[in-house]
């Protein structure tokens, strides 16, 4: 039967993925998110969550989520424009826009949807999108949904960016938007938005930034990568699923007019249920913490943790990608080695994940560690000791 042929092909593809060492195992966590989690009945150190400010399991954030559920229920059972807009949705839109310094914002079920819904309503065949080559998959997919002409520049290569901007102008583009991650999730690189701003002004281009790995902890008050560089941008997409509470849900911040058009035309907004009240409540509490004095304390600790880990791992002989971001990739190259080392690290009491193709390029497998403000220096030192043991056993160092 034809269906049997299909299932045979799927089984063969899964077998091939496993043979290449590219299978990505799911390890079940049996506790709240935090610097120490329970996996398989054991307490282990967690060094791979996007829990930058340590708010994913914070009692205040959990209480705010529960209170919002008590007031407004589990969910709206509808999309926003039908009967799914609650007062807490408007409150969260206002809060994130004010926090990040924009006129307005629009909420999405996920940050992937925010990037998927941004480009198509705003840009047409007469326009051009100039995209960083390392951009997140959600930006790539969002650009694919749009009829605008596409140009790509090498990551952080301003000469190449200028060449693409010149090409877009020469091709008669009406509007040009430069699209980039604010901080690149697999590498920890921070986009050169100060230099991008100069080129955008020179060629009359707009700037779109995905700040999922920056909002809450980069720049003054954690306002993001553009604030880190002291520049303005036109569109910021982000998430409540990392530093701002760790739940889920995405947003776009922009001018009021842009937001109003997106609410009329953005398909992920029009055809997805509204965010659950619990997510809104948790996110509002996380924003309150992040933009206040406690947020500054958490950001200081996060920076110190990243610096301590980078220094100790470099001294131990590991190959790290350079930077100051709390994402610290430990480069291994081989996909099977990355999986083997991650498994050994778990045995040693440290939860990390090996990253390989297609999440990162072939031959660039790694263990991407992530620091949290909730980590202590003792946590950092224990993790480095485990890495050193595993690294010596596996011939990495």
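How about the stretch 240-250: which of its residues are under 20 Å from residue 292 (Cβ atoms) and surrounded by 24 or more Cβ atoms within 10 Å (Cβ to Cβ)? Give the steps one after another, and end with the answer.
So in the stretch 240-250, the residues under 20 Å from residue 292 (Cβ atoms) come out as 240, 242-247.
Matches in the stretch 240-250: 240, 242, 243, 244, 245, 246.
I'd like to know if the stretch 351-371 contains one or more residues that are farther than 26 Å from residue 182 by Cβ, out of contact with any helix residue (DSSP H, G or I) (no Cβ under 6 Å at 6 or more places or on another chain) and assigned to a helix (DSSP H, G or I). Scanning the stretch 351-371 turns up no residue that is farther than 26 Å from residue 182 by Cβ, out of contact with any helix residue (DSSP H, G or I) (no Cβ under 6 Å at 6 or more places or on another chain) and assigned to a helix (DSSP H, G or I). No other residue among 37, 96, 88 is within 30 Å of residue 265 (Cβ to Cβ), in contact with a strand residue (DSSP E or B) (Cβ under 9 Å, 6 or more places away or on another chain) and at pLDDT 95 or above apart from 96. Scan the stretch 372-384 for residues that are in contact with a helix residue (DSSP H, G or I) (Cβ under 9 Å, 6 or more places away or on another chain) and in a helix (DSSP H, G or I) and jot them down. Across the stretch 372-384, the qualifying residues are 377, 379, 380, 381, 383, 384. The requirement of being modelled with pLDDT under 95, under 14 Å from residue 351 (Cα atoms), not assigned by TED's automatic domain parsing to the domain that holds residue 221 and not in a loop (DSSP other than H, G, I, E, B) is fulfilled somewhere in the stretch 15-34, by at least one residue. A single entry from 383, 364, 338, 390 fulfils the requirement of being under 25 Å from residue 243 (Cβ atoms) and either at pLDDT 95 or above or buried (at least 16 other Cβ atoms within 10 Å of the Cβ) (or both): 383. Regarding residue 103, is this residue surrounded by fewer than 19 Cβ atoms within 10 Å (Cβ to Cβ), out of contact with any strand residue (DSSP E or B) (no Cβ under 8 Å at 6 or more places or on another chain) and touching a residue at least 40 places away in the same chain (Cβ under 8 Å)? Against the criterion (surrounded by fewer than 19 Cβ atoms within 10 Å (Cβ to Cβ), out of contact with any strand residue (DSSP E or B) (no Cβ under 8 Å at 6 or more places or on another chain) and touching a residue at least 40 places away in the same chain (Cβ under 8 Å)), residue 103 does not qualify. Among the residues making up the stretch 324-338, those that are assigned to a loop (DSSP other than H, G, I, E, B) and touching a helix residue (DSSP H, G or I) at 6+ places or on another chain (Cβ under 8 Å) are 324, 325, 326. Taken over the stretch 9-34, the criterion of being closer than 23 Å to residue 335 by Cβ and either touching a residue at least 40 places away in the same chain (Cβ under 8 Å) or under 22 Å from the mean Cα position of the chain (by Cα) (or both) is satisfied by 20, 21, 22, 23, 24, 25, 26, 27, 28.
Every residue, every condition in (1) assigned by TED's automatic domain parsing to the domain that holds residue 262; (2) surrounded by fewer than 16 Cβ atoms within 10 Å (Cβ to Cβ); (3) closer than 21 Å to residue 302 by Cβ, yes or no:
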{"position": "37", "(1), (2), (3)": "no, no, yes"}
{"position": "67", "(1), (2), (3)": "yes, yes, no"}
{"position": "71", "(1), (2), (3)": "yes, yes, no"}
{"position": "76", "(1), (2), (3)": "yes, no, no"}
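The values are calculated or read from the model by the stated rules, or taken from the named source; none is laboratory data. Being a predicted model, the structure only gives us computed values, none of them experimental. Reconstructed Cβ throughout: ideal geometry from the backbone, glycine too, with neighbour counts over all protein chains shown.
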